[in-house]
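Asker: Have a look at this one.
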Amino acid sequence: MKALVVYSSKTGNTRKLAEALFGALQCEKDLLSVSDNPDPSGYDFVAVGFWLRGGLPDTASQDFLPKIGEKEVFLFATHGAARDSDHARNGLNKAKELASPARICGVFSCPGQVAEEVLEKAGKRDPKPVWLADAPAAKGHPDAEDIRQFIHLFNDLNLP
């Protein structure tokens, strides 16, 4: 089995999860940024990590997800919203749509600390984004417990 972990990260949150997952994989594997324009064709399994912007996967991930094809895929996301928010759910659902016809074997999302300049900019918008109320609780995330839960969930799937 050959696995590819692809991530898009603006502040390091998603990269932190991608590196943890890469370390947990027990097979031949590669870790690449989506900005490297990876080719998923030579892999049996692909994990894709992204951040949410406006309730959607970031633009680079939106471009990459349709390229996966009919592979087994694990999706993971970081965002400023609460883990169980509509913002997070909608973003993951959009990622699933974009990855079609891939076989989604699992998903994970967790809060990620939002950059101060993004918080300032969002705070000036009218109306304010719904995730903004959750952003203070995302400070310091993903943390060690988020990573533990992430790897535990992934390992329970009995993938590579």
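The values are calculated or read from the model by the stated rules, or taken from the named source; none is laboratory data. A quick note: this is a predicted structure, and the numbers were derived from the prediction, not measured. Here the Cβ is made from the backbone with ideal geometry for all residues, glycine too, and neighbour counts use every protein chain on show.
Asker: Just to verify a result, which residue in the range 30-55, among those that are of a type in the set (Asp, Glu) and in contact with a strand residue (DSSP E or B) (Cβ under 8 Å, 6 or more places away or on another chain), is farthest from residue 157 (Cα to Cα)?
Answerer: Going through the qualifying residues, I end up with 30.
Asker: Further, regarding this structure: Under 17 Å from the mean Cα position of the chain (by Cα) and buried (at least 18 other Cβ atoms within 10 Å of the Cβ): does that describe residue 144?
Answerer: So residue 144 does not fit the description; no.
Asker: Now for a different question. Are any residues in the range 114-149 in a helix (DSSP H, G or I), in contact with a strand residue (DSSP E or B) (Cβ under 8 Å, 6 or more places away or on another chain), within 17 Å of residue 11 (Cβ to Cβ) and not aliphatic (A, V, I, L, M), and if so, which ones?
Answerer: Once the filter is applied, which keeps residues that are in a helix (DSSP H, G or I), in contact with a strand residue (DSSP E or B) (Cβ under 8 Å, 6 or more places away or on another chain), within 17 Å of residue 11 (Cβ to Cβ) and not aliphatic (A, V, I, L, M), the range 114-149 yields 131, 146.
Asker: Can you work out which of the residues in the range 110-141 that are over 17 Å from the mean Cα position of the chain (by Cα) and of a type in the set (Val, Ile, Thr) is modelled with the lowest pLDDT?
Answerer: 130
Asker: Of the numbered conditions (1) among the hydrophobic types (A, V, I, L, M, F, W, C); (2) over 25 Å from residue 89 (Cα atoms); (3) without any contact (Cβ under 8 Å) to a residue 60 or more places away in the chain, residue 25 fails exactly one; give the number of that condition.
Answerer: Residue 25 satisfies all of (1) among the hydrophobic types (A, V, I, L, M, F, W, C); (2) over 25 Å from residue 89 (Cα atoms); (3) without any contact (Cβ under 8 Å) to a residue 60 or more places away in the chain except (3).
Asker: Here's something else I'd like to know. Please indicate, with yes or no, whether at least one residue in the range 25-35 is among the acidic types (Asp, Glu) and not in a strand (DSSP E or B).
Answerer: No: the range 25-35 contains no residue that is among the acidic types (Asp, Glu) and not in a strand (DSSP E or B).
Asker: Looking at 45, 50, which one is touching a residue at least 40 places away in the same chain (Cβ under 8 Å), of a type outside the set (D, E, K, R) and within 22 Å of residue 113 (Cβ to Cβ)?
Answerer: Matching residue, one of 45, 50: 50.
Asker: In addition: Among the residues of the range 64-84, what is the count of those that are at negative phi and either out of contact with any strand residue (DSSP E or B) (no Cβ under 8 Å at 6 or more places or on another chain) or part of a helix (DSSP H, G or I) (or both)?
Answerer: 5
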